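Peer 1: Take this structure first; my questions come after.
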Amino acid sequence: MSSPNASHRPARLVGRRDVLDLLDRALNATRTGGFLQLSLIGEPGVGKTRLLRELATRAAPDLAVFEGRATEFEQETPFGLILDALEDHVERADLALTTDEKCLLAHLFPTLSEGSGLTGDLSGLARHHLHRATRRLLELIAEERGLVLILDDLHWADTPSLDLLDYLVRHPPRARILVAMGYRPQQASAQLVTLSEEEGGRAIPVRPFTEGEADEFLTPRISRSRRRELFQESGGNPFYLEALTQMDPGGTAAKQAVDAEFSPELPLAVRAALQAEFANLDPAVRTVAQGAAVISDEFNATLTAAASGMSESMALSGLDTLVARDIVRPAAPAHFRFRHPLLRQAAYESAGAGWRLAAHARLAAHLERLGAPAVVRARHVEHSAQFGDGAAIATLTEAARAVAAHAPTTTAHWLRAALDLMPEDAGHPGLPDRVDLLFELFHVQAVSGRADMARGTGTELLRILPAEDYARRAKAVQLCGVIYRQLGRHELARAFVRDELAKIADPESPAAAILHARTAADRLLVLDIDGAQAALDHIPERAPEWPPGLEVAVEAMRALPAYGHGRVADALRYLDETGSLIDGTPDEHLHQFMDSLGWFCWSTVLLGRYELALHHFEQTRALALRTGQNYMLGYILAGLARLHVLTGRLPEAAKAADEALEEGRLLRSDELRVYAITQQCLCASEFGEHDRALRLGEEAMAVDPHAREWWSAMARYTHAAALLEAERMEEGTAAMLDLWNAGPAEHLDPGTLVSSAERMSHAEATAGRAEDAHRWAGLAESMASPELAGEVGLARLARAHALRLNDPGAAAALAAEAAELLGAAGRRPDSGKAELAAAKAHGEAGERTLAKARLRNARQIFEDCSMRGLNAKVVREQRRLGVYVPTSAGGRTGNDHGLSRRELDVVALIIEGDSNQQIAERLFISVRTVETHISHIFAKLGVSSRLGVARAMADRSAT
């Protein structure tokens, strides 16, 4: 719970000096620094919880402490771990949250909406928006004193909580926060293990006692021989030792073992000891313990009485006995918890299966009488419902729909539970249609990115759908294409569509049109322009029986094949016509064909219609959010990032690319991750953060080096471009040549190929190879579409690079023309590069006045677009031409320590209290680069600590 102070005295702490030392270091770092995370890892009962409690005690004098614990029986409760830690504080605190943040967080903490008019409706909202709002919440909580967030038993954590923690670790709050986690490695998911190993984290193993520590723990009141016996039977595990000491000391624990159903990994003797704690209780008290175990990790007397089937006074009496026996302990006011999760499991398993079913039913009925929402009742309904129970099916379905936007795994679980209660044959009065419910399950799994679960559901759905039900089968196969694409099984996705098309009797039916549209979308993914056009040609003219939205889906994909075939005028006409069609179509008719809308949005970018692109990206993004189609958000956000990079809105581009990567990680989609990382790479290059750009380019290429899809080719292109931007010309030239020679360039769009040729012309000209530079310029000119000013401008710039070696005056004129064309097209960064090229050519032609004017233009563009690297180049060129440029920037003066501009940026963030990770994120550089800057700063200032930096800068200001 959120209260940091346990209401019982913790067990005596023995040993653990190495772990305690690490915990103290973490606390000290939190008091003086930023965000940290650590994990205590060990087997059940080894002492992780006790050490986390000790951490809370040591932190409490000066840091706020909040504690949450995941539980085995509530893993389907979305964000249950986070609620357990923070809910009480959020209820009481007056936090300076914005209205939007409150609306987001109200879905987790309903008290934020009480009396405020907020609905807390997260319908369709992307999970990363909620993650960002939660990070802001933690920053506000930590603002005054700092925060220690203790999260125990994460091996049982619900998926939404783990997704949130994963986000926080990779996007640390800008506050003094320590997140301390505890979990069992044998039961940990891959996501949890990866989370605990993220950069900046620390995994701390918690090991069993040595024999000497076990002796100290048991104290001399137990004989030496018995202590040795207990040590051997327990393996030095503190909880096992404690449990075994409860046994009759007259014989070994193993001799008293009973048949226990729970925790098969536990030693037999320990299982016996845990069962013995309940076997010796009065039957009524044992029933109270069993009822409490049914409820949740934390329980009160009223719910315990309902689950146990007894009066509240009897439940209170039983709880008194359980507290006296230290089986349960007081938690929050009027609430209790079992001493250890294994004890709760023992109590639960000690009851018969029939009794447990009845207890869940009693509790579900009690909660319904109290008006509890379906989400609260669903677990108990699931454990007690009978086959064919219509009310139970309705409750599970309602609960599933309530959390669909932000907890798709939970949604799928409860929909599956509802389906398991339904007969397979249709037409039962009072029950929903099984196929409809199965379609709903399949849809939420597919569009939320749960492709691994959706695969089996799709197979089941196609098995029971009649062969002649072409319309619903086509929709199911369309979703199969979506999920197999997410799984990277592109050929299998295409095979599904081909096979189903062959079964459709009428090739001009709406079902066939849907599947041909799906084929076109898949062909576009590899830029198979001929294949996409062929699929579209198979679709007849719109017919009255077409489902709403299908016409938009078909028309949305016509522009890109036309562009690929060189019919640019047709492509631009398709954009205008389809844009108007989309604007005039209601959202409820569009959302079934989101991937077609995504291709339309990307087409607007590739064809240089940037204002139209921004409008439709935002429109499609909003539709995806409203309809919960998270699988499309990443593609939309990556496209927005690409649009912003091309038009010079780099901060917006960085934000969109980061959000796209979040979606890719949440959906576990390699393809989507590469879409996002390539945009991050391009953005970092334009910022001038070349180390980061190269790292991102390498990361993108490493995901699937053998894929022959558009996104894989883009990964190779962006890495080669990053090398060239970093002025590693020979490596960059070789990488770009490999791209062209090995074939992936076939999977790039014409505009990217023109850009590639322009970059190669520049690289060859820089190396003094005029003939090669002219060859690449000719290639750029042959590929550039005359109707597209941006492509023509790049081709002019490519020729200017080649001419500069022998005719700088002509080169300057061409580069100036390129700058004008690119500026008119809206491509400000490329326009600035053309201005810089023109300036250099003017300078080499002896036209200094013109060179200075061009440099002023370039510098204005680079400053407006936050292109710090190229701006620095312009400054160097200006100084070379005798233009006075102040050394310091951003209002800083008096830099008598010789700090560079970037070092001054780092100093400012050190003074603000940012950690190395936070500095790296804010300046878009790697952590290693930050560390290098800090070592140089220490040397220049003659200090050895961050505090020394602050003092040195304060002394300088004072003078």
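Laboratory data are not the source of any read-out in this text; all were calculated from the coordinates shown. Computed from a predicted model, the values in this text were never measured in an experiment. When we count neighbours, we look across all protein chains shown, and the Cβ atoms used for this are built from the backbone with ideal geometry, even at glycine.
Peer 1: Toward the positive end of the charge dipole of the stretch 749-880, about the Cα centre and with charges on Cβ (Lys, Arg +1; Asp, Glu -1), which of His842, Asn871, Ala812 goes farthest?
Peer 2: Asn871
Peer 1: Could I ask something else about it? Please list, ordered by chain and number, the residues whose modelled amide H lies under 5 Å from the amide H of Ala203; skip anything fewer than 5 residues away on the same chain.
Peer 2: Close amide H contacts, sequence-distant or interchain: Ser39.
Peer 1: Ok, one more. For the pair Ile911 and Arg463, how long in nm is the line joining their label points, each one 7 Å along Cα→Cβ?
Peer 2: Inter-label distance under the simple model: 6.8 nm.
Peer 1: Follow-up. Work out, step by step, the length gained on full extension between Ala569 and Glu491: first 0.36 nm times the residue separation, then minus their alpha carbon distance; give nm to one decimal.
Peer 2: 24.8 nm
Peer 1: Roughly how many whole Å is it from the C-alpha centroid of the stretch 588-631 to that of the stretch 823-876?
Peer 2: Value for the Cα centre distance between the two parts: 34 Å.
Peer 1: Take the alpha carbon gyration tensor of the stretch 358-432, find the square roots of its eigenvalues, order them as a ≥ b ≥ c, and report rounded if a/c is under 1.5; if not, report prolate when a/b exceeds b/c, else oblate.
Peer 2: Note, shape of the stretch 358-432 comes out oblate.
Peer 1: Does anyone have the angle between helix 127-142 and the longest principal axis of the chain? Alpha-carbon axes, 0 to 90°, nearest 10?
Peer 2: 70
Peer 1: Return one quarter of the surface area of the convex hull spanned by the alpha-carbon atoms of the chain, equal to its mean projected area, in nm².
Peer 2: Details: hull surface 177.3 nm².
About 44.3 nm², averaged over all directions.
Peer 1: Given a cut-off of under 8 Å on Cα pairs at least six residues apart, what relative contact order in percent is computed for the chain? Let's see the in-between values first.
Peer 2: Numbers: 1542 pairs, mean separation 68.0, N = 959.
Rounded, it is 7 percent for the chain.
Peer 1: With N denoting the number of residues in the stretch 551-710, provide Rg(C-alpha) divided by 2.2 N^0.38 Å, to two decimal places.
Peer 2: 1.03
Peer 1: Right, next: Show that you can apply the helix-only estimate: for the chain, add -39,500 (n - 2.57) for every DSSP H stretch of four or more residues, divide by all residues, and state [θ] at 222 nm to the nearest 500. Could you put the intermediate results ahead of the total?
Peer 2: Working: 48 runs with 623 residues, N = 959.
After summing the helix terms and dividing by residue count, I get -20500 deg cm²/dmol.
Peer 1: Suppose R0 equals 56 Å; then what is the FRET efficiency for Ala365 and Ala950 from their Cβ-Cβ distance, rounded to the nearest 0.05?
Peer 2: Details: r = 62 Å, r/R0 = 1.11.
Here the calculated transfer efficiency is 0.35.
Peer 1: Please give the FRET efficiency for His335 paired with His936, using the beta carbon to beta carbon distance and R0 = 41 Å, rounded to the nearest 0.05.
Peer 2: 0.15
Peer 1: Sort Tyr574, Tyr635 by Cβ crowding within 10 Å, fewest neighbours at the top.
Peer 2: Tyr574, Tyr635
Peer 1: Can you return the lysines within cross-link range of Lys475? Criterion is Cα-Cα under 21 Å, with same-chain partners fewer than 8 residues away left out.
Peer 2: The qualifying lysines are Lys503.
Peer 1: Among rounded, prolate and oblate, which fits the stretch 629-744 when a ≥ b ≥ c are the square roots of the eigenvalues of its C-alpha gyration tensor, a/c under 1.5 means rounded, and a/b larger than b/c means prolate?
Peer 2: On the way: a/c = 2.11, a/b = 1.28, b/c = 1.64.
It is oblate, given that a/c is not under 1.5 and a/b is not larger than b/c.
Peer 1: How many nm separate the modelled label positions at Glu652 and Asp530, each set 7 Å beyond the Cα in the direction of the Cβ?
Peer 2: Result: 4.0 nm between the two label points.
Peer 1: Moving on. Quick check: from the Cα gyration tensor, does the stretch 749-880 come out rounded (a/c under 1.5), prolate or oblate? Please list the in-between numbers first.
Peer 2: Working: a/c = 1.77, a/b = 1.23, b/c = 1.44.
Oblate is the answer for the stretch 749-880, as a/c is 1.5 or above yet b/c matches or exceeds a/b.
Peer 1: Which value in nm describes the separation of the simple spin-label points at Asp24 and Asp420, placed 7 Å from the Cα toward the beta carbon?
Peer 2: 5.0
Peer 1: Okay, moving on. Ranked highest first by average number of other Cβ atoms within 10 Å, how do 649-661, 586-598 line up? Each step should come with its number before you reach the end.
Peer 2: Numbers: 649-661: 22.3, 586-598: 19.6.
Going by the mean number of other Cβ atoms within 10 Å, highest first, we get 649-661, 586-598.
Peer 1: Please give the contour-minus-distance gain from Gln860 to Ala372: 0.36 nm per residue of separation, less the Cα-Cα distance, rounded to one decimal in nm.
Peer 2: Going from the current span to full extension adds 169.6 nm.
Peer 1: Subtracting the Cα-Cα distance from 0.36 nm times the residue separation, let me have the gained length for Asn280 to Tyr884 in nm, one decimal.
Peer 2: My answer for the length gained is 208.5 nm.
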